[in-house]
Amino acid sequence: TTLRLFSGTQIDHETGKGKLSPEAPLRGGKKSKHGKTSTTTYHVTFVVDADFGTPGAVSVRNGNRADRFFLRHVRLELAEDRSIHFECNSWVYPYKKTAADRLFFVNTVRAEAIRLCLFDTLPCPW
């Protein structure tokens, strides 16, 4: 399973879409149990250029698993004790079944999310 970031503030002038980070794989799954619910927390390290801008969306590809998984949220920890939260609460199906990555937008003003939809080839969720 890999993730990619879309910039919400900087455009890739070659594609006309938000700048896109390289793929970053999940690492170091840590399991915990809450009653009957089991949760696994992973770490992902993104390497982006200094002019990448502020992430506005995260793309998730379930490429290595044969089954779906439920993604609660993605939290990016940034410099200066800042963080960005993507509330997902959605199933991510294997890429081989859907031929599409799942795209989640930052929890922010709706106008910014609409602008981000225009940068991607996936249909907007509204």
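When the test is whether a residue is surrounded by 10 or more Cβ atoms within 10 Å (Cβ to Cβ), under 12 Å from the mean Cα position of the chain (by Cα) and closer than 23 Å to Asn107 by Cα, Val48 does not pass it. Applying the selection to the stretch 1-17, what residues are more than 21 Å from Tyr95 (Cβ to Cβ), in a strand (DSSP E or B) and either out of contact with any Lys or Arg (no Cβ under 8 Å at 6 or more places or on another chain) or not β-branched (Val, Ile, Thr) (or both)? Correct list: Ser7, Gly8, Thr9, Gln10, Asp12. Name the residue that is surrounded by the fewest Cβ atoms within 10 Å (Cβ to Cβ), counting only residues in the stretch 51-62 that are in a loop (DSSP other than H, G, I, E, B) and out of contact with any Lys or Arg (no Cβ under 7 Å at 6 or more places or on another chain). That would be Asp51.
Among the residues of the stretch 68-92 satisfying the criterion of being hydrophobic (A, V, I, L, M, F, W, C) and assigned to a loop (DSSP other than H, G, I, E, B), which is nearest to Gly8 (Cα to Cα)? Going through the qualifying residues, I end up with Leu78.
Consider Arg65 carefully, then state whether it is surrounded by 13 or more Cβ atoms within 10 Å (Cβ to Cβ), touching a residue at least 24 places away in the same chain (Cβ under 8 Å), not hydrophobic (A, V, I, L, M, F, W, C) and not in a strand (DSSP E or B). When the stated conditions are applied, Arg65 passes them.
Within the stretch 25-38, track down each residue that is assigned to a strand (DSSP E or B) and either of a type in the set (Asp, Glu) or out of contact with any Lys or Arg (no Cβ under 7 Å at 6 or more places or on another chain) (or both). Correct list: Pro25, Arg27, Gly28, Gly29, Lys30, Lys31, Ser32, Lys33, His34, Thr37. With respect to being among the small types (Gly, Ala, Ser) and crowded, with 16+ Cβ neighbours inside 10 Å, Ser21 fits the description. The lone criterion from (1) modelled with pLDDT of 90 or more; (2) aliphatic (A, V, I, L, M); (3) under 19 Å from Ala99 (Cα atoms); (4) out of contact with any Asp or Glu (no Cβ under 8 Å at 6 or more places or on another chain) left unmet by Val48 is number (3). Are any residues in the stretch 13-32 acidic (Asp, Glu) and closer than 16 Å to Phe46 by Cβ, and if so, which ones? Across the stretch 13-32, the qualifying residue is only Glu23.
The values are calculated or read from the model by the stated rules, or taken from the named source; none is laboratory data. Keep in mind it's a predicted model, so treat the numbers as computed, not measured. In this analysis, Cβ positions are derived from the backbone assuming ideal geometry, glycine residues included, and neighbour counts consider all displayed protein chains.
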